[in-house]
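Worksheet for the structure shown next.
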């Protein structure tokens, strides 16, 4: 047995105890859902989908969000890291839309959104989101 193992384990616990890991919460930033509503924004949905896929928001701050991505059969695929896009209030084809947050479109992937593989943890996905 290596005599340094207890020392290394204690050092690891001290380092982990000081680490500030992001909270795995729905909203983690200064702007909460209530703040967005008061400002007249329609907030980005906590759950959304496309095709047969489902996305569940697991973290956000005032300008970025991370969604957990599930496939057609409910299997975990990875993360979607996004920069939240805000659209002004306007009329489109005769329908009025309020000022709102929107999920980036397919053309924005790589600039305002990206997929983070399932092999990475939430902390890595948050770091990637903040780089957008």
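No lab work stands behind these numbers, since they all come straight from the coordinates. Owing to the predicted nature of the structure, the values given are computational and were not obtained by experimental measurement. FYI the Cβ positions are ideal-geometry reconstructions off the backbone, even for glycines, and counts take in every protein chain you see.
Kindly indicate which of 94, 105 is without any contact (Cβ under 8 Å) to a residue 12 or more places away in the chain and on the phi > 0 side of the Ramachandran plot. Break it down into steps so the answer makes sense when it comes.
Details: 105 fails: on the phi > 0 side of the Ramachandran plot.
Answer to the selection: 94.
Restricting attention to the range 62-79, the residues that are touching a residue at least 40 places away in the same chain (Cβ under 8 Å) and under 11 Å from the mean Cα position of the chain (by Cα) total 5.
Determine whether the range 121-128 contains at least one residue that is within 13 Å of the chain's Cα centre (by Cα) and part of a strand (DSSP E or B).
Our first condition is that a residue be within 13 Å of the chain's Cα centre (by Cα); within the range 121-128, this holds for 121-128.
Then drop every residue that is not part of a strand (DSSP E or B), which leaves none.
Scanning the range 121-128 turns up no residue that is within 13 Å of the chain's Cα centre (by Cα) and part of a strand (DSSP E or B).
Conditions (1) in contact with a strand residue (DSSP E or B) (Cβ under 7 Å, 6 or more places away or on another chain); (2) over 18 Å from residue 48 (Cβ atoms), marked per residue:
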position: 91; (1), (2): no, yes
position: 96; (1), (2): no, yes
position: 102; (1), (2): yes, no
position: 105; (1), (2): no, no
position: 110; (1), (2): no, yes
position: 113; (1), (2): yes, no
position: 119; (1), (2): no, yes
position: 124; (1), (2): yes, yes
